[in-house]
Amino acid sequence: MSIPAPTTPTDPHPGNRLLGEFIRLHRNRLSPAAAGLPATGRRRAPGLRREELAALCGVSATWITWLEQGREVAASTKTLERLAQALQLTAAERAYLFELARRRDPSAPVAPPKAIDAVLRSVHAIGHPAYVLNQRWDVVAGNPQAADLFLGWQAPLEGERAGTPPNLLRFLFFNPQARDLIENWSVRSQRLVAEFRADCGGRLQAAPLRDLIDELSAGSAEFSALWKLNDVQEREGGERGFRHPRHGRLVYEQLTLRAALHPEYKLVMLLPPAAPG
């Protein structure tokens, strides 16, 4: 195939670099055997070679090289679909790939019109801990049960402006009480960082998100290390355990919903677990 020359030797959009890093990391993680290829010859790295990924996607190795270098090359939706299939991406990883490439995934539903007020009010109709997160994972609404469970959401930050909404990741990494409150903190923190990256998608360089990521990376070595993994995962429910200083051990089933009329806001509910049998 003919290869369009990159329009500029530099990276005009920060998403190009992130896209290249993401593709390279997943190429290196995928073994030839898992991709259905014979493992021939000695390899310096365990993953796929660029030539092998290119053959799976029906493009040239040079094009893959330019893409991984963050150059300004055009990736069509068809090519991105082939990349996602060849790299065996999960649904969350595929969505993240399309976000970084600034393309709409043809398999993704079109976002409907917005209506925020009902979403924010909904938490007060729920008799168990419930809260709403925005795209930065600021807690923009929450009921008293959630505030009690999460110790008032307090994360001691110097110089934080009065009225700044609490943030789930700040609480997780900056509040030492969070480590005692949340069971399996290390496992949950890794999962939440991967979910947050998936949630950010191609908006990672937008000022509000970038500022938060820089703040978390500078203030927490653990967040910084987890962020550099480039892991992405879908936000899932399941059992969540807490060791509350006043109420003892608490167990909930987490359910996360996106409102049809306002998908960038997430309603998180912590409900009593179902009775056995």
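Restricting T77, T62 to those that are surrounded by fewer than 16 Cβ atoms within 10 Å (Cβ to Cβ), of a type outside the set (D, E, K, R) and within 23 Å of S107 (Cβ to Cβ) reduces the list to T77. With the structure loaded, tell me whether A55 is open to solvent by 30 Å² or more (accessible area, probe 1.4 Å) and at pLDDT below 85 or whether it fails that test. No: the conditions fail for A55. Residues in the range 134-152 that are closer than 13 Å to F171 by Cβ, part of a helix (DSSP H, G or I) and without any contact (Cβ under 8 Å) to a residue 40 or more places away in the chain: A147, G152. No other residue among R188, R203, R197, R246 is touching a strand residue (DSSP E or B) at 6+ places or on another chain (Cβ under 6 Å) and charged (D, E, K, R) apart from R188.
The set of residues in the range 195-206 being open to solvent by 20 Å² or more (accessible area, probe 1.4 Å) and either of a type outside the set (A, V, I, L, M, F, W, C) or in contact with a Leu (Cβ under 6 Å, 6 or more places away or on another chain) (or both) consists of D199, G202, R203, Q205.
Kindly indicate which of A84, A95 is open to solvent by 20 Å² or more (accessible area, probe 1.4 Å), under 23 Å from R197 (Cβ atoms) and not acidic (D, E).
Values: A84 fails: open to solvent by 20 Å² or more (accessible area, probe 1.4 Å).
Exactly one of A84, A95 is open to solvent by 20 Å² or more (accessible area, probe 1.4 Å), under 23 Å from R197 (Cβ atoms) and not acidic (D, E), namely A95.
Does the range 222-242 contain any residue that is in a loop (DSSP other than H, G, I, E, B), in contact (Cβ under 8 Å) with a residue 12 or more places away in the chain, in contact with a Phe, Trp or Tyr (Cβ under 8 Å, 6 or more places away or on another chain) and among the hydrophobic types (A, V, I, L, M, F, W, C)? Yes: the range 222-242 contains one or more residues that are in a loop (DSSP other than H, G, I, E, B), in contact (Cβ under 8 Å) with a residue 12 or more places away in the chain, in contact with a Phe, Trp or Tyr (Cβ under 8 Å, 6 or more places away or on another chain) and among the hydrophobic types (A, V, I, L, M, F, W, C). Scanning the range 245-255 turns up no residue that is part of a strand (DSSP E or B) and modelled with pLDDT under 90.
Are any residues in the range 117-139 over 16 Å from L192 (Cα atoms), open to solvent by 10 Å² or more (accessible area, probe 1.4 Å), modelled with pLDDT under 90 and of a type outside the set (D, E), and if so, which ones? Answer for the range 117-139, where residues must be over 16 Å from L192 (Cα atoms), open to solvent by 10 Å² or more (accessible area, probe 1.4 Å), modelled with pLDDT under 90 and of a type outside the set (D, E): A118, V119, L120, R121, S122, H124, A125. Name the single residue that is farthest from E234 (Cα to Cα) among those in the range 168-194 being among the charged types (D, E, K, R) and either over 17 Å from the mean Cα position of the chain (by Cα) or surrounded by fewer than 20 Cβ atoms within 10 Å (Cβ to Cβ) (or both). Applying the filter and picking the extreme gives D180. Do we find that E72 is modelled with pLDDT of 85 or more and surrounded by fewer than 21 Cβ atoms within 10 Å (Cβ to Cβ) in this structure? For E72, the condition - modelled with pLDDT of 85 or more and surrounded by fewer than 21 Cβ atoms within 10 Å (Cβ to Cβ) - is not met.
May I ask you to list the residues in the range 225-254 that are surrounded by 15 or more Cβ atoms within 10 Å (Cβ to Cβ) and under 18 Å from the mean Cα position of the chain (by Cα)? Working first, answer last.
Filtering the range 225-254 down to residues surrounded by 15 or more Cβ atoms within 10 Å (Cβ to Cβ) leaves 226-227, 230-233, 235, 237, 240, 242, 250, 252-254.
Those that are surrounded by 15 or more Cβ atoms within 10 Å (Cβ to Cβ) and under 18 Å from the mean Cα position of the chain (by Cα): L226, W227, N230, D231, V232, Q233, R235, G237, Q254.
Scanning the range 258-270 turns up at least one residue that is surrounded by 19 or more Cβ atoms within 10 Å (Cβ to Cβ), under 15 Å from the mean Cα position of the chain (by Cα) and at pLDDT below 90.
The values are calculated or read from the model by the stated rules, or taken from the named source; none is laboratory data. The model shown is predicted, which means the values in this text are computed figures rather than measured ones. So basically every Cβ, Gly included, is an ideal-geometry build from the backbone, and we count neighbours across all protein chains shown. Accessible surface areas use protein heavy atoms only, side chains included; no ligands, DNA or RNA. Shrake-Rupley method; radii C 1.70, N 1.55, O 1.52, S 1.80 Å.
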